[in-house]
Amino acid sequence: MADETALLERPQPPRPPGTSPLALPLGLLKTARPRQWVKNVLVVAAPAAAGELFSRHSLTQLALVFALFTAAASAVYLINDARDADADRAHPTKCRRPVAAGQVPVTVAYTVGGLLAVLAPVAAAALCTPLTAGLLAAYVAMQLAYCVSLKHVLVVDLAVVTTGFLMRAMIGGVALGIPLSRWFLITTGFGALFMVSAKRYSEAVQMSGKAGATRALLTEYTTGYLRFVWQLAAGVAVLAYCLWAMESGGTATGGSLPWRQLSMAAFVLAVLRYAVFADRGTAGEPEDVVLRDRALAVIGLVWIAMYGLAVADW
């Protein structure tokens, strides 16, 4: 008995890091990239453009679509990190990712990612329209193909990431049965390509002289080519938006302002402002550029207000 008492009173060694009951759930959550979920707000783009955003049915459906798309995107991140665990361990910063660091076992990441990848389209088929489920399944399949091989193919990698953004912008309209105009698709698609190629350009500029510190494929792109892509994409996006805005001739009612045409100024200013960071090679994290630059945030709010007034036909 004395020996047992002494054993109980002996100081216990500290619990090794990463073994708390919350370590695994928190690791899975971190691997799902919560910071990237803001991209999924794009699901409201088509309903907002059509002026069908604020009905109870629309808001309920869009909240559901947002959750399902977030689950699908999280599945891709989990599977991607499981596949890249060995390579990430040799990377100076990616080695801190939960899967690479051992906080989340590779098998667990594969299992949870696989379940989410299957359940998201199945839930969409049961709770939304078949077309919504099909689009979500296509997104998952395309992103998994990207993780396996397409991210190593020149130009195709840009197209796949851009298409992922375009699918986000389309799925809200698809879920609500809203027709998607050609101008919406062109502006959104090339706007996404502008941001994606600007991100790649910034990464290429920042990795100059540091081969291997980031995406291997960047060593095959030239900064001149990536600059050409984001400049081309920005020009097409601006042109398509202006053509949409000028399609409406005059004001809807006597005395109201031509908000649609006026919104062109804010849209062009926003593109030009973002291009400043792209040109400097500091647009590697688009969400940081949008959220941290006060002038860009103000321009964005002005554009949203003008666009909203145009859609409301004030």
Next on the checklist: Viscosity 0.692 mPa s, temperature 37 °C: what is the translational diffusion coefficient of region 70-125 from Stokes-Einstein with a Kirkwood Rh over Cα pairs, rounded to a whole number of µm²/s?
Outcome noted: 288
Checklist entry - So if we plug the beta-carbon distance of Val153 and Ser181 into 1/(1 + (r/R0)^6) with R0 = 30 Å, what FRET efficiency do we get, rounded to 0.05? => result 0.45
Checklist entry - Which Cα, out of Gln206, Leu166, Ile299, lies furthest along the positive dipole direction of the chain (beta carbon charges, K/R +1, D/E -1)? => result Gln206
Item to check | Dimensions (Å) - region 71-169, Cα atoms, principal axes, largest first | outcome: 43, 32, 18
Item to check | Gaussian network model of the chain, Cα within-10 Å springs - most flexible of Asp84, Asp288, Asp157 | outcome: Asp288
Next on the checklist: As I understand it, the dipole of the chain uses +1 on the Cβ of Lys and Arg and -1 on the Cβ of Asp and Glu, about the Cα centre. Which of Leu119, Tyr241, Leu78 lies farthest toward its positive end?
Outcome noted: Tyr241
Next on the checklist: From the C-alpha coordinates alone, can you work out the Kirkwood hydrodynamic radius of region 40-112, in Å?
Outcome noted: 14.3
Item to check | Under the Karplus curve 6.51 cos²θ - 1.76 cosθ + 1.60, θ = phi - 60°, whole-Hz ³J(HN,Hα) for region 258-268, x wherever Gly or Pro sits | outcome: x, 4, 4, 5, 5, 5, 4, 4, 5, 5, 5
Checklist entry - Which order do Cys128, Cys242, Cys95 fall in if you start with the one that has the fewest other Cβ atoms within 10 Å? => result Cys95, Cys242, Cys128
Checklist entry - So how strong a dipole does the chain carry about its Cα centre when Lys and Arg Cβ are +1 and Asp and Glu Cβ are -1, to the nearest 20 debye? => result 360
Checklist outcome for this item: Mean separation of Cα contacts under 8 Å (at least 6 apart) over the residue count of the chain, i.e. the relative contact order in percent, is 17
Next on the checklist: Output wanted: per-residue J couplings in Hz (rounded whole) for region 280-290, from phi through Karplus 6.51 cos²θ - 1.76 cosθ + 1.60, θ = phi - 60°, x for Gly and Pro.
Outcome noted: 6, x, 10, 9, x, 10, x, 5, 5, 4, 5
Item to check | For the chain, projected area of the alpha-carbon convex hull averaged over all directions, nm² | outcome: 21.8
Checklist outcome for this item: Sorted by chain and then number, the residues having a modelled amide H within less than 5 Å of the amide H of Ala283, at least 5 places away or on another chain, are Ser202
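Taken together, the values in this text are just the output of simple stated rules run on the coordinates, not laboratory data. No experiment lies behind these values; they were computed from the predicted model shown. Here Cβ is always computed from backbone atoms with ideal geometry, including for glycine, and neighbour counts include all displayed protein chains.
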